[in-house]
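Asker: Here it is, the structure in full.
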Amino acid sequence: MTKHRLLILCALVMTMTVSAQNSSKKISLADVVNGEFRQAGGSEMRSMPDGEHYTSMNRERNMILKYSYRTGQVVDTLFNTKNARECSFDDFEGYDVSSSGNHIIVWRESDRIYRYSYQSIVYDYDVRRRMVQPLNESGKKIMIPTFSPDGRMCAYVEDNNIWIKKFDYDTETQVTKDGEKNNIINGTTDWVYEEEFAVTNMLAWSPDNEYLCYARFDESGVPEYEMAVYGDSYYPEMEKFKYPKAGEKNSTVTLHSYSIETKDIKTLKAPIDEDGYIPYIQFTPDASQLAVMTLNRHQNVFMLYHANPKSGIFKQVLKDENKAYVDSEWMKAIRFYKDGFLYVSEKDGYAHIYQYSPTGVEQRQITTGNWDVTRLIGKDEVTGTVYYESAEESPLRRSVYSIDTKGKKTRISTQEGTNSAQFSNNYGYFVNTFTNAKTPLLTTVHETKTGKLLRTIQDNAPLKEKLSGYALSQKEFTTITTATGEELNAWILKPANFDASQKYPVVMFQYSGPNSQEVLDRFDIGWEQYLANQGYICVSVDGRGTGARGEAFRKCTYMQMGYLESRDQAAAAVALGKLPYVDAKRIAIWGWSFGGYNTLMALSVGKGVFKAGIAVAPVTDWRYYDSVYTERFMRTPKENRKGYDDTSPIKLAGDLQGKLLLIHGTADDNVHFKQSMDYSEALVQAGKQFEMQIYKDRNHGIYGGNTRMHLYTRMSEFLFKNL
């Protein structure tokens, strides 16, 4: 960093307002950990088919109510446990309403499986008879209950097999019979698809209700991971599940269609390589077109096909090829309409929306500019207007926009910060959530055509009142320029009683993973506020590889994930150390998951700029992590040995400098505990002393009971002692 730029940064940071309240009350660690400053969001609002009404559970979770978007008034009660016939329960956890409204399914007693998946006891409420009964005859817990488009049937998965309940006849039919744990999965997904494609439901009903299409996962050849669950007995149990690490064999995925009339099953032979992926399937409005989305194993070629569920014929509709990788999130976000579909591509260097005909002919690029679309919301089929969220104003902010068929663009969110919107089915109304660094979540309902504010659902007034009694610091947004010329977005949080004539220790907060962002204009009261109250300056820097700054910035880390990210954190620490109020000899870095990994990397490549670091649940060598995520950014170890070696904390253990606290849960199914065990052994053999904290039977989130309080107390005391 040049002296001139350093002086500018010093002046900028010193003149930014630090908002300390009139009270001297300090935030305690218990306040933070126990969620005393948690923001309230509005209750879930699900649009009904007419677009004029929505449904929501009441606070007691024993009723499903129908509301008017315009007035917010309750207009009907769709389900009430207190007056439903033969209802054996008092509350429930979730629900779904059929398109006809004649059947409602509710579920309870859910058991979490992995990140998104769960199984539950599911009940059917026959609205016309006001009768509740179990959805499945066996009474077992089931997964992904999915209504047919006409609402007269519901498919679900029980013990890895697909069943269909026909409400008109009160019968159920078993579609598949070969399901078996750790072997064959029908209708749902395996561990790696769930974790990396964020999909658990691979059932698709045809719009005419004649076919149910589904994916079948054969994971018999996938390496099995064994994880000790210690429990309360004298001997631990071993939990086994299929987990493909980088370069290892994945599940073989096939597609099938089941005829409701004939009960025949047809294999749909997708034109993909044996080790290719089928992340998503869904029907277009045409019952003869099952949209099948595929990726090659390198994940740099996305193909969209239309498959006929009756004939099994596939037709190629779209191909998107990238020199690095295609972001699977945009595959999931494709929107199909009678006149074609919308897709977000990065082919011009930024994420933008493109419109295609039903056969895949590109008709127009809807959005353009040196900024990224961050979410495709959808299209009003009556007017043709497209709605989306973007980082058009700044990578630090999000706004909601509409763009009509003539290209006229309108920003429909009115406040600067982080906005997101959910629209009614007819696009007549939208619910906007807004926050910025100074404002807790604000949830409001608007009329789309005029933008008129209809009402405020949640303004977090009680939280604001509570916070007025505390001495708080305000995040200051800035840019840090490294010695190599990289301009990196950052926030700085200083103690409420900050004195520019003193020198303070610094704790750097970061995640740093691909397309992630920590530096966003949004409200949050967390551990950083507690540390600031204890006299620390807290800083977060988004290095290269993070999001909302275009494809080149996002993907420059390709084939060397962690190499640039760790050096950017170290370079930022050097720049921070030159500020007059920073003690350059007392800088620490910490992170969780990828952030924990990057902490270990930064301590090894930082040349002593960090005095201490905390790594929670870190990856310690990408060879240990799952195939889909790792290969997306690194390809396989066989193809990219140098890239894996250069970014391996285990191989760089001998270069580690600074005090280290290594933390992991023993039941982490995501980043396995073995990663920290092998890294600790590398440190031992390199003669590096370190501290380690283990949490029995805790997963990647490390929570439960007093665990979080213990964890943050441990981390805080480590910083107090070593910084």
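Asker: Can you give me the number of residues within the range 633-656 that are in contact (Cβ under 8 Å) with a residue 60 or more places away in the chain and either among the basic types (K, R) or over 29 Å from N300 (Cα atoms) (or both)?
Answerer: Residues meeting the conditions: 2.
Asker: Here are some residues: T200, T188. Which one is in contact with a helix residue (DSSP H, G or I) (Cβ under 7 Å, 6 or more places away or on another chain) and either more than 17 Å from S259 (Cβ to Cβ) or in a loop (DSSP other than H, G, I, E, B) (or both)? If you could, list the steps in order and put the result at the bottom.
Answerer: On the way: T188 fails: in contact with a helix residue (DSSP H, G or I) (Cβ under 7 Å, 6 or more places away or on another chain).
None of the others qualify; the one that does is T200.
Asker: Also: What do you reckon, is Y118 surrounded by 14 or more Cβ atoms within 10 Å (Cβ to Cβ), within 30 Å of K240 (Cβ to Cβ), among the aromatic types (F, W, Y) and without any contact (Cβ under 8 Å) to a residue 40 or more places away in the chain? I'd like the intermediate steps shown before the answer.
Answerer: Details: surrounded by 14 or more Cβ atoms within 10 Å (Cβ to Cβ): yes; within 30 Å of K240 (Cβ to Cβ): yes; among the aromatic types (F, W, Y): yes; without any contact (Cβ under 8 Å) to a residue 40 or more places away in the chain: yes.
Spelling it out, Y118 is indeed surrounded by 14 or more Cβ atoms within 10 Å (Cβ to Cβ), within 30 Å of K240 (Cβ to Cβ), among the aromatic types (F, W, Y) and without any contact (Cβ under 8 Å) to a residue 40 or more places away in the chain.
Asker: Right, here's the next one. Test S251 against the stated conditions and say whether it is open to solvent by 50 Å² or more (accessible area, probe 1.4 Å) and of a type in the set (G, A, S). Spell out the reasoning first.
Answerer: Working: open to solvent by 50 Å² or more (accessible area, probe 1.4 Å): no; of a type in the set (G, A, S): yes.
Answer is no for this residue.
Asker: Still on this structure, I have one more. Among (1) closer than 30 Å to Y169 by Cα; (2) part of a loop (DSSP other than H, G, I, E, B); (3) of a type in the set (G, A, S), which single condition is S257 missing?
Answerer: (2)
Asker: Any residue in the range 552-578 that is in contact (Cβ under 8 Å) with a residue 40 or more places away in the chain sitting within a Cβ distance under 8 Å of a residue that is open to solvent by 40 Å² or more (accessible area, probe 1.4 Å) and part of a helix (DSSP H, G or I)? List the pairs, counting only those 6 or more apart or interchain.
Answerer: T557/Y563; Q560/D646; Y563/D646
Asker: Any idea which of Y536, Y530 is closer than 15 Å to G613 by Cβ and of a type in the set (F, W, Y)? It would help to see each step written out before you state the result.
Answerer: On the way: Y530 fails: closer than 15 Å to G613 by Cβ.
None of the other options fit; the residue is Y536.
Asker: Across the range 96-126, what is the number of residues that are touching a Ser or Thr at 6+ places or on another chain (Cβ under 8 Å), assigned to a strand (DSSP E or B) and of a type in the set (S, T, Y)?
Answerer: 3
Asker: For the structure I just gave you, tell me whether K659 is touching a Leu at 6+ places or on another chain (Cβ under 9 Å), open to solvent by 10 Å² or more (accessible area, probe 1.4 Å), in contact (Cβ under 8 Å) with a residue 60 or more places away in the chain and within 21 Å of Q569 (Cβ to Cβ).
Answerer: On the way: touching a Leu at 6+ places or on another chain (Cβ under 9 Å): yes; open to solvent by 10 Å² or more (accessible area, probe 1.4 Å): yes; in contact (Cβ under 8 Å) with a residue 60 or more places away in the chain: yes; within 21 Å of Q569 (Cβ to Cβ): yes.
Answer is yes for this residue.
Asker: Within the range 662-695, take every residue that is of a type in the set (V, I, T) and open to solvent by less than 10 Å² (accessible area, probe 1.4 Å) and give me the one that is farthest from E239 (Cα to Cα).
Answerer: Applying the first criterion (of a type in the set (V, I, T)) to the range 662-695 yields 663, 666, 671, 684, 694.
Next, only the ones that are open to solvent by less than 10 Å² (accessible area, probe 1.4 Å) stay: 663, 671.
Details: I663: 21, V671: 15 Å.
If we take residues in the range 662-695 being of a type in the set (V, I, T) and open to solvent by less than 10 Å² (accessible area, probe 1.4 Å), then I663 is farthest from E239 (Cα to Cα).
Asker: Name the residue that is least open to solvent (accessible area, probe 1.4 Å), counting only residues in the range 162-196 that are aromatic (F, W, Y) and out of contact with any Asp or Glu (no Cβ under 9 Å at 6 or more places or on another chain). It would help to see each step written out before you state the result.
Answerer: Filtering the range 162-196 for residues aromatic (F, W, Y) gives 163, 167, 169, 191, 193.
Remaining after also requiring out of contact with any Asp or Glu (no Cβ under 9 Å at 6 or more places or on another chain): 169, 193.
Numbers: Y169: 162, Y193: 6 Å².
Out of the qualifying residues, it is Y193.
Asker: L318 passes all but one of (1) more than 21 Å from Y387 (Cβ to Cβ); (2) open to solvent by 70 Å² or more (accessible area, probe 1.4 Å); which number fails?
Answerer: (2)
Asker: What is the residue count in the range 220-236 for residues that are of a type in the set (F, W, Y), surrounded by 11 or more Cβ atoms within 10 Å (Cβ to Cβ) and either in contact with a Leu (Cβ under 9 Å, 6 or more places away or on another chain) or not in a strand (DSSP E or B) (or both)? Even if it seems obvious, please write down each step before you answer.
Answerer: Of all residues in the range 220-236, those of a type in the set (F, W, Y) come to 225, 230, 234-235.
Filter again for surrounded by 11 or more Cβ atoms within 10 Å (Cβ to Cβ), leaving 225, 230.
Now drop any that are not either in contact with a Leu (Cβ under 9 Å, 6 or more places away or on another chain) or not in a strand (DSSP E or B) (or both), which leaves 230.
Matching residues across the range 220-236 total 1.
Asker: Now for a different question. What pairs come up if the first residue lies in the range 392-409 and is among the aromatic types (F, W, Y), the second is open to solvent by 20 Å² or more (accessible area, probe 1.4 Å) and part of a loop (DSSP other than H, G, I, E, B), and their beta carbons are under 8 Å apart, counting only those six or more places apart or on different chains?
Answerer: Y401/E392; Y401/I412
Asker: May I ask you to list the residues in the range 59-86 that are open to solvent by 30 Å² or more (accessible area, probe 1.4 Å) and part of a loop (DSSP other than H, G, I, E, B)?
Answerer: R59, E60, R61, R70, T71, Q73, K82, N83, E86
Asker: Follow-up question, since we're still on this one. Within the bounds of the range 596-614, is there any residue that is within 21 Å of the chain's Cα centre (by Cα), of a type in the set (S, T, Y) and buried (at least 22 other Cβ atoms within 10 Å of the Cβ)? Quick ask: steps written out before the conclusion?
Answerer: Kept after step one, since they are within 21 Å of the chain's Cα centre (by Cα), are these residues of the range 596-614: 596-598.
In the following step, the residues that additionally are of a type in the set (S, T, Y) were identified as 597.
This time we only want the ones that are buried (at least 22 other Cβ atoms within 10 Å of the Cβ), so: 597.
So far as the range 596-614 goes, yes, one or more of its residues are within 21 Å of the chain's Cα centre (by Cα), of a type in the set (S, T, Y) and buried (at least 22 other Cβ atoms within 10 Å of the Cβ).
Asker: Out of the range 550-566, which residues are part of a helix (DSSP H, G or I), open to solvent by 10 Å² or more (accessible area, probe 1.4 Å) and closer than 19 Å to Q517 by Cβ? It would help to see each step written out before you state the result.
Answerer: Step one: of the range 550-566, the residues part of a helix (DSSP H, G or I) are 551-555, 563-566.
Keeping just the survivors that are open to solvent by 10 Å² or more (accessible area, probe 1.4 Å) gives 551-555, 563-564.
Within the range 550-566, E551, A552, F553, R554, K555, L564 meet the criteria.
Asker: Out of all the residues in the range 628-646, is one or more closer than 28 Å to Q689 by Cβ, β-branched (V, I, T) and either over 28 Å from the mean Cα position of the chain (by Cα) or open to solvent by 10 Å² or more (accessible area, probe 1.4 Å) (or both)?
Answerer: no
Asker: Give just the number: which of (1) buried (at least 22 other Cβ atoms within 10 Å of the Cβ); (2) in contact with a strand residue (DSSP E or B) (Cβ under 9 Å, 6 or more places away or on another chain); (3) assigned to a helix (DSSP H, G or I); (4) not hydroxyl-bearing (S, T, Y) does I587 not satisfy?
Answerer: Only one criterion is unmet by I587, namely (3).
Asker: Please determine, by comparing only the residues of the range 367-387 that are charged (D, E, K, R) and part of a loop (DSSP other than H, G, I, E, B), which one is farthest from N419 (Cα to Cα). Spell out the reasoning first.
Answerer: Just the residues of the range 367-387 that are charged (D, E, K, R), to begin with: 372, 375, 379-381.
The next check asks that each one be part of a loop (DSSP other than H, G, I, E, B); those that pass are 372, 380-381.
On the way: D372: 15, D380: 20, E381: 24 Å.
So, considering only residues that are charged (D, E, K, R) and part of a loop (DSSP other than H, G, I, E, B), the one farthest from N419 (Cα to Cα) is E381.
Asker: Which pairs do you get when a residue that is without any contact (Cβ under 8 Å) to a residue 24 or more places away in the chain, found in the range 301-313, comes within reach of a residue that is basic (K, R) and assigned to a strand (DSSP E or B), reach meaning Cβ atoms under 8 angstrom, with the pair 6+ apart or on two chains?
Answerer: These pairs meet every condition: H306/K315.
The values are calculated or read from the model by the stated rules, or taken from the named source; none is laboratory data. If you're wondering where the values come from, they're calculated on a predicted model, not measured in any experiment. Cβ coordinates were reconstructed from backbone atoms using ideal geometry, including for glycine residues, and neighbour counts include every protein chain displayed. We work out accessible area using only protein heavy atoms, side chains counted, and drop any ligands, DNA or RNA first. Shrake-Rupley method; radii C 1.70, N 1.55, O 1.52, S 1.80 Å.
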